[in-house]
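Engineer: Sharing a structure below in structure tokens format, with a few things to ask.
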Amino acid sequence: MNYVRQAIASLTIFGTTSLRELRSLAKPGPRMVDEFECVVSVLLAIIFAHILGAQNVGWAAFSGYMVMRSHVSESLTRGILRIIGTSAGAGAALGLAPFVITNSLLLSLSLIIFGGVTLYFALVGKRSYAWLFTGLTFCMVLIDGMKHPSESVLPFAQSRLVEILAGTLACILVSAVSTFTIRRRLPRQSKETPVQAAIRHSVVWHKGAAKHSVQAAIALGLIPWIWVWTGITSLSQSSITIMAVMMIPVTSLSTSVLNPITSRLILRFIGCSVGGLIATAILLSSHQSPILMTIGVCIGVLVGRHIENSNSSISYIGTQFVLAFLVVLVPDTYTNAALEPGMERLAGILFGVVILEPVLLASHYLFRDHPGNDGIEMKQPSSNE
């Protein structure tokens, strides 16, 4: 019942905050510039993804959204880390796939070890964004490959890299043009996330982060067995939810691992559900018109980014709203803009909540955490890091 009450409260706050924030949507300033940068970046990412032949154009569009920062130097750094992480994860998956893809036990162990290790370094390391995408891509490629054990995982890995490249290139181009034109007249604002703020220093050991990573690893390790039992086809998207939701500041791990993650899961579920429903309505009512769908994409990105840029407690919903909105509404091909592929990916994203939450509950009740020393040992980053 606590989860139901928390979900209802979050949904109520989301509704009232969204209405309040939308009143300031047309207010000029850095916030508006950032939102229009994201719109242009997403549209350009879609164009690049189609030109390069990406399989999942919606993910390329979301990369164009997520890489954007207030200055081209920040966008470039973020984009490079995203590309490096994706390349490393895809390469590791390609090398390991022939040995584990047909064996559920070996595949499960691979996801547990690689997913847990990369998430730990994403939580405590200096280059957290690269570590996160190394783990994300590794898990996505292997999990997608288990559905077709007799086929190579290379096409999916290549498409994943193409999607990231298309979105990142689009974002950097838009950010560069904006930085040296419009933003030259605006005060520079660094869009540092709480995760980035919490890991300015490298961490040698963090007990809470280690426990946290083990929980995520167990959830990832369950995926091959869930595939065997249920045959759900979109479990690679579930791995994204597991790793992305567990990516929180290490400072919030000092006393309890349950509440911050449960809140994050609820916000992700609400944001994705609302975004998916609205995108579905637009896709159906547009009768697959590319013009109407493109207008819908622009409005959805603008509104989602506006909510994300708010200082409210539910700003995380804005990101999740855009994620689901783009995954559902942006078709892989405009000649056959079907609803089913996007809904299947959205279902996989939401199913990640179903996989992760029982693991968190079991861990919480079996190994109750006590306030105290987390065994944090810090080291100053060297000058070349």
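The values are calculated or read from the model by the stated rules, or taken from the named source; none is laboratory data. Computed from a predicted structure; not experimentally measured. When we count neighbours, we look across all protein chains shown, and the Cβ atoms used for this are built from the backbone with ideal geometry, even at glycine. Calculation scope for accessible area: heavy atoms of the full protein, side chains included, ligands and nucleic acids excluded. Shrake-Rupley method; radii C 1.70, N 1.55, O 1.52, S 1.80 Å.
Engineer: Take the alpha carbon gyration tensor of the range 1-121, find the square roots of its eigenvalues, order them as a ≥ b ≥ c, and report rounded if a/c is under 1.5; if not, report prolate when a/b exceeds b/c, else oblate.
Structural biologist: Judged from the Cα gyration tensor, the range 1-121 comes out oblate (a/c at least 1.5, b/c at or above a/b).
Engineer: Another question, then. Within the range 9-42, list the trypsin sites (Lys or Arg not before Pro) lying in a DSSP loop whose Cβ has at most 11 other Cβ atoms in a 10 Å radius.
Structural biologist: R23
Engineer: Grab the Cα-Cα distance for S104 and I51, subtract it from 0.36 nm times how many residues apart they are, and report the gain in nm with one decimal.
Structural biologist: 15.4 nm
Engineer: Over the chain, with the other protein chains present, what is the accessible area per residue in square angstrom, probe 1.4 angstrom?
Structural biologist: Spelled out: the 1.4 Å probe surface of the chain, per residue, equals 44 Å².
Engineer: Using the beta-carbon distance between S152 and T233 and R0 = 22 Å, what value does 1/(1 + (r/R0)^6) give for FRET efficiency, to the nearest 0.05?
Structural biologist: 0.75
Engineer: Then there is this: Of M140, V228, L265, whose Cα points farthest to the positive end of the dipole of the chain (charges on the beta-carbon: +1 Lys, Arg; -1 Asp, Glu; origin at the Cα centre)?
Structural biologist: Positive-most Cα among the choices belongs to L265.
Engineer: Once amide H atoms are built 1.01 Å from N in the peptide plane, which residues 5 or more positions from W205, or in another chain, come under 5 Å H to H?
Structural biologist: Counting only residues 5 or more places away or on other chains, the set is E377.
Engineer: Let me ask something else. In whole Hz and in residue order, list the ³J(HN,Hα) couplings for the range 118-123 that follow from phi through the Karplus curve 6.51 cos²θ - 1.76 cosθ + 1.60, θ = phi - 60°; x for Gly and Pro.
Structural biologist: Values, residue by residue: 5, 5, 4, 6, 5, 6 Hz.
Engineer: Accessible area of the range 74-179 with a 1.4 Å probe: how many percent of it is carbon plus sulfur?
Structural biologist: 74
Engineer: What are the ³J(HN,Hα) values, in whole Hz, obtained from phi via the Karplus relation 6.51 cos²θ - 1.76 cosθ + 1.60 with θ = phi - 60°, for each residue of the range 136-141 in sequence order, with x given for Gly and Pro?
Structural biologist: 4, 5, 4, 5, 4, 5
Engineer: If the label point is 7 Å along Cα→Cβ of A347, which residues in the range 125-163 have backbone nitrogen under 13 Å from it?
Structural biologist: Those under the cut-off are none; the list is empty.
Engineer: Taking the full set of protein chains and a 1.4 angstrom probe, give the accessible area of H287 in square angstrom, rounded to the nearest 10.
Structural biologist: The value for H287 is about 150 Å².
Engineer: Let me ask you something else. Residue by residue, what Karplus-based ³J(HN,Hα) values in Hz, rounded to whole numbers, does the range 38-51 have, using 6.51, -1.76 and 1.60 with θ = phi - 60° and x for Gly and Pro?
Structural biologist: My calculation for the range 38-51 gives 5, 4, 5, 4, 4, 5, 5, 5, 4, 4, 4, 5, 5, 5 Hz in order.
Engineer: Scan the chain and hand back the longest stretch that contains none of the chymotrypsin sites (Phe, Trp or Tyr not before Pro) lying in DSSP loops with at most 12 other Cβ atoms within 10 Å.
Structural biologist: 181-366
Engineer: Pulled fully out, how much extra length does the chain show between I8 and I84, if you take 0.36 nm times their separation in residues and subtract their Cα-Cα distance?
Structural biologist: In short, 23.4 nm is gained.
Engineer: Next question, about the same structure. Place a +1 charge on the Cβ of each Lys and Arg in the chain and a -1 charge on the Cβ of each Asp and Glu, then give the dipole magnitude about the Cα centre in debye, rounded to the nearest 20.
Structural biologist: Computed about the Cα centre, the dipole is about 980 debye.
Engineer: Another one. Place a point 7 Å from Cα of A26 in the direction of its Cβ. Which residues in the range 292-323 have their backbone N less than 14 Å from it?
Structural biologist: Taking a point 7 Å out along Cα→Cβ of A26, no residue of the range 292-323 has its backbone N under 14 Å.
Engineer: What is the sum of charges around L161, taking Lys and Arg as +1, Asp and Glu as -1, for the other residues whose C-beta is under 15 Å from the C-beta of L161?
Structural biologist: Summing Lys and Arg as +1 and Asp and Glu as -1 gives 0.
Engineer: Here is a follow-up. With a 1.4 Å probe and all protein chains in place, put M66, M243 in order of accessible area, largest first.
Structural biologist: Heavy-atom accessible area, descending, gives M66, M243.
Engineer: Specify whether the C-alpha gyration tensor of the range 239-323 places it in the rounded, prolate or oblate class, a ≥ b ≥ c being the square roots of the eigenvalues: rounded for a/c under 1.5, otherwise prolate if a/b is larger than b/c and oblate if not.
Structural biologist: prolate
Engineer: At 1.4 Å probe size, what's the solvent-accessible area of I101? Round to the nearest 10 Å².
Structural biologist: Approximately 20 Å² of I101 is accessible to the 1.4 Å probe.
Engineer: Between I291 and L19, what is 0.36 nm times their sequence separation minus the Cα-Cα distance? Round to one decimal in nm.
Structural biologist: This chain segment gains 95.3 nm when fully extended.
Engineer: Another question about this same structure. Which residue fluctuates the most in the chain, going by a Gaussian network model with Cα springs under 10 Å, if the choices are L222, L361, L323?
Structural biologist: In this elastic network of the chain, the residue with the biggest mean-square fluctuation among L222, L361, L323 is L361.
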